[in-house]
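The values are calculated or read from the model by the stated rules, or taken from the named source; none is laboratory data. Everything numeric in this text was worked out from a predicted model, so none of it was measured. Cβ coordinates were reconstructed from backbone atoms using ideal geometry, including for glycine residues, and neighbour counts include every protein chain displayed. Please note that ligands, DNA and RNA were not included when accessible areas were found on the heavy atoms of the full protein model with its side chains. Shrake-Rupley method; radii C 1.70, N 1.55, O 1.52, S 1.80 Å.
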Amino acid sequence: HGAAELDEIGTDALPRRTPAPAWLPTAKGEEGDFCLRSSDCAAGLCCARHFWSKICKPVLREGQVCTRHRRKGTHGLEIFQRCQCAEGLACRLQREHGPTDASRLHTCQRH
């Protein structure tokens with residue numbers, strides 16, 4: 001008698017597909033919005049870790065401090081990730097006009 005009841009209801013009552021989760025953004029994320037990957041963020045932003053979640057952060061411009069990773073895979077260990085340098089820029093050791101033990105800071109510089 002269960003199959004007959006299903007025939008009376010028809011397939012219209014059954015869900016056709018699972019809707020997208022409510023938290024999934026429909027538009028590109030702005031700075032500070034939660035994200036899963038950089039494609040979730042608007043132009044000029046990347047998706048980077050901030051504490052234990054990921055948010056859209058600005059891509060780094062010329063002269064801004066960047067993170068140079070010596071070993072592949074260490075980027076995931078940071079609690080506060082930075083975005084990569086913008087296109088046409090590279091993360092290089094900051095040039096100092098001082099003693100040799102000057103700052104080991106890396107900044108985004110033109111190629």
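Sorted by accessible area with a 1.4 angstrom probe, largest first, how do E78, E31 fall?
On the way: E78 40, E31 125 Å².
These residues rank, largest area first, as E31, E78.
So how do T67, T107 rank on accessible area, 1.4 Å probe, biggest first, that is with the largest at the start? Display every interim value, and only then the final one.
Values: T67 40, T107 10 Å².
Order by accessible area, largest first: T67, T107.
Put a dot 7 Å past each Cα toward the Cβ at L36 and E62; how far apart are the dots in nm?
3.7 nm
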